[in-house]
Amino acid sequence: MKALLIVDLQNDFLPGGALPAPDGNKIIPVVNTLMEDFHFVIASKDWHPEETVHFEKWPSHCVKGSLGSKFPIALKSKNIDLVLRKGTENTDDGYSAFEATNVSLTDVLHEREVSELYVCGLTTEYCVKQTVLDAIKNKFKTFVIKTATAGVKAKPGDEENAWKEMYDAGAVILDDIIPSN
Ligand code: VGL
Ligand code: ZN
């Protein structure tokens with residue numbers, strides 16, 4: 001069984017948000033179509049308290065319940081079966097969807113007999129990368145859908161390095177996938 005994991009596709013990571021991936025909006029229609037190909041769609045949300053050590057490194061973003069924490073209205077979020085919340089404590093970054101605190105992602109994937117995980121979303125260099133590395137550590141066959149992923153591009157080269165790190169760890173990078181309907 002395969003599952004789609006959409007990482008942090010939230011308003012604050014889109015243009016106009018607090019910590020935007022410049023091309024974030026472009027992935028929304030791709031993700032909408034992609035969801036139709038999966039029977040099990042999971043989405044993670046960065047879900048921070050107002051005060052957290054995380055905001056010593058980053059501008060305040062995705063504060064739980066805020067507009068910035070919500071899915072963009074253009075995302076067909078009714079097709080999401082399970083929402084994970086991560087970064088919920090004030091002592092951690094919670095970059096990886098495997099650090100979700102409302103459910104154990106590994107338990108859910110094992111229960112649903114998921115062996116192949118398709119990852120997309122925001123942002124390539126941080127939460128997508130960390131999620132992919134954890135998925136591989138947890139022995140899932142891990143694919144990253146490049147056309148449905150966007151980087152925050154904080155420094156030149158960061159994004160390329162993230163792709164290389166995921167590839168070197170054993171992820172399959174799908175860079176020309178066009179959703180099938
Ligand atoms: C993220 C920086 C801080 C992400 C989250 O979703 O990639 N990046 N918090
Ligand atoms: Zn964050």
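The values are calculated or read from the model by the stated rules, or taken from the named source; none is laboratory data. Note that the coordinates shown come from a computational prediction; the quantities given were computed from them, not determined experimentally. Cβ: placed from backbone, ideal geometry, glycine included. Neighbour counts: every protein chain shown. Surface accessibility is based on the protein's heavy atoms, side chains included, excluding ligands, DNA and RNA. Shrake-Rupley method; radii C 1.70, N 1.55, O 1.52, S 1.80 Å.
Yes/no per residue for (1) modelled with pLDDT of 95 or more; (2) in contact with a strand residue (DSSP E or B) (Cβ under 6 Å, 6 or more places away or on another chain); (3) more than 16 Å from ligand 2 (Cβ to nearest atom); (4) part of a helix (DSSP H, G or I):
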site	(1), (2), (3), (4)
Pro22	yes, no, yes, no
Ile28	yes, no, yes, yes
Ala43	yes, yes, no, no
Glu51	yes, no, no, no
Gly65	yes, no, no, no
Gly68	yes, no, no, yes
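Condition first: surrounded by 24 or more Cβ atoms within 10 Å (Cβ to Cβ) and either within 16 Å of ligand 2 (Cβ to nearest atom) or of a type in the set (S, T, N, Q) (or both). Now tell me which residues in the range 2-11 satisfy that.
Hits for the range 2-11 are Ile6, Val7, Asp8, Leu9, Gln10.
Output the residues belonging to the range 35-49 that are more than 16 Å from ligand 1 (Cβ to nearest atom), under 18 Å from Leu105 (Cα atoms) and open to solvent by less than 10 Å² (accessible area, probe 1.4 Å). If you could, list the steps in order and put the result at the bottom.
Going through the range 35-49, the residues more than 16 Å from ligand 1 (Cβ to nearest atom) turn out to be 35-41.
Among the residues that remain, those that are also under 18 Å from Leu105 (Cα atoms) are: 38-41.
Scanning the range 35-49 gives Phe40, Val41.
For the range 34-74, which residues satisfy the criterion of being of a type in the set (Ser, Thr, Tyr) and touching a Cys at 6+ places or on another chain (Cβ under 9 Å)?
Once the filter is applied, which keeps residues that are of a type in the set (Ser, Thr, Tyr) and touching a Cys at 6+ places or on another chain (Cβ under 9 Å), the range 34-74 yields Ser44, Ser69.
Taking the stated definitions as given, is Thr131 under 15 Å from Tyr167 (Cα atoms), within 16 Å of ligand 2 (Cβ to nearest atom) and surrounded by 24 or more Cβ atoms within 10 Å (Cβ to Cβ)?
Details: under 15 Å from Tyr167 (Cα atoms): yes; within 16 Å of ligand 2 (Cβ to nearest atom): yes; surrounded by 24 or more Cβ atoms within 10 Å (Cβ to Cβ): yes.
It is true that Thr131 is under 15 Å from Tyr167 (Cα atoms), within 16 Å of ligand 2 (Cβ to nearest atom) and surrounded by 24 or more Cβ atoms within 10 Å (Cβ to Cβ).
Just for the range 1-20: of the residues that are in a loop (DSSP other than H, G, I, E, B) and within 27 Å of Arg112 (Cα to Cα), which one is farthest from ligand 1 (Cβ to nearest atom)?
Met1
Given the criteria open to solvent by less than 40 Å² (accessible area, probe 1.4 Å) and over 24 Å from Glu36 (Cα atoms), does Lys86 qualify? Walk me through how you get there before you give the answer.
Numbers: open to solvent by less than 40 Å² (accessible area, probe 1.4 Å): yes; over 24 Å from Glu36 (Cα atoms): yes.
Answer is yes for this residue.
Please state which one of Lys155, Lys76 is modelled with pLDDT of 95 or more and open to solvent by 50 Å² or more (accessible area, probe 1.4 Å). Before you say what the answer is, go through the steps one by one.
Values: Lys155 fails: modelled with pLDDT of 95 or more.
Residue meeting the stated conditions: Lys76.
Under 9 Å by Cβ, and 6 or more places apart or on different chains, what pairs join a residue from the range 24-40 that is closer than 18 Å to Asn11 by Cβ with one that is assigned to a helix (DSSP H, G or I) and of a type in the set (A, V, I, L, M, F, W, C)?
Note: pairs meeting the criteria are Gly24/Phe13.
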